[in-house]
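Taking it in order: structure first as structure tokens, then the write-up.
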Amino acid sequence: ETGVTQSPTHLIKTRGQQVTLRCSSQSGHNTVSWYQQALGQGPQFIFQYYREEENGRGNFPPRFSGLQFPNYSSELNVNALELDDSALYLCASSLRDTKETQYFGPGTRLLVL
Amino acid sequence: LAKTTQPISMDSYEGQEVNITCSHNNIATNDYITWYQQFPSQGPRFIIQGYKTKVTNEVASLFIPADRKSSTLSLPRVSLSDTAVYYCLVGALNSGGYQKVTFGTGTKLQVIP
């Protein structure tokens, strides 16, 4: 186990709704990254948070937003859900300015109907 | 970020050594090479990371030639539980300029009894 936890484990939403996914980072880690993984594909980088600010973003529209809290936990918010948003959402925590790698949580499976 | 190329799939019998090669021709000086293992509907699990030559841990070895344009993950004596997708990732993890992370499609390893 990595110590990275995510909630909920599964979620079903309908098109147009909004969703919030949560992540608790591994103890001592100050950076959180979020990924989207569609079925049969590799994880795609959404964005990264460090010191409660977005610190890099992949090719995702603004309706994907996030937060990082003082305890380094994080949220991923997706507005106006689309069918293609159905995926496994992964959070990974790491310690900035070290070569230590990212450790992933178990993911949240989101299904948009 | 350096693009990586891996075989899409590999089959191996139980007890054999498996070598998965990843090409990363455009690797930058500051980039590390990291391998992850992922089981269905779970988050990627860190296997090994290296910069050059050879790295070994309790589960795998990583061979990196002098030009660093490729790397080979070696799994000794695989078992059925090693059936998974293996991702090669290249990047300067947690450096000041580290933002985007790109996973490829990975190599699906099937271990046969």
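Just so you know, all these numbers are worked out from the coordinates, no wet-lab data involved. Keep in mind that what you see is a predicted model, and the values were worked out from it rather than measured. Cβ coordinates were reconstructed from backbone atoms using ideal geometry, including for glycine residues, and neighbour counts include every protein chain displayed.
Below is a table of values for the structure above.
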{"quantity": "Residue order, fewest to most beta carbons within 10 Å, for B:Ile47, A:Ile12", "calculated": "A:Ile12, B:Ile47"}
{"quantity": "Size-normalised alpha-carbon gyration radius of the stretch A:25-113, reference 2.2 N^0.38 Å", "calculated": "1.06"}
{"quantity": "For chain B: span of alpha carbons on each principal axis (Å, largest first)", "calculated": "45, 31, 23"}
{"quantity": "Mean projection area, nm², convex hull over Cα of the stretch A:1-71", "calculated": "5.8 nm²"}
{"quantity": "Cα-based radius of gyration of the protein assembly as shown once divided by 2.2 N^0.38 Å, which approximates compact folds", "calculated": "1.01"}
{"quantity": "Share antiparallel - DSSP beta bridges, the protein assembly as shown, percent rounded to 5", "calculated": "90 percent"}
{"quantity": "Antiparallel bridges, percent of DSSP beta bridges restricted to chain A (to nearest 5)", "calculated": "90 percent"}
{"quantity": "Alpha carbon convex hull of the stretch B:31-83, projected area averaged over orientations, nm²", "calculated": "4.1 nm²"}
{"quantity": "Neighbour-count ranking [beta-carbon atoms within 10 angstrom, fewest first] of A:Ser7, A:Ser94", "calculated": "A:Ser7, A:Ser94"}
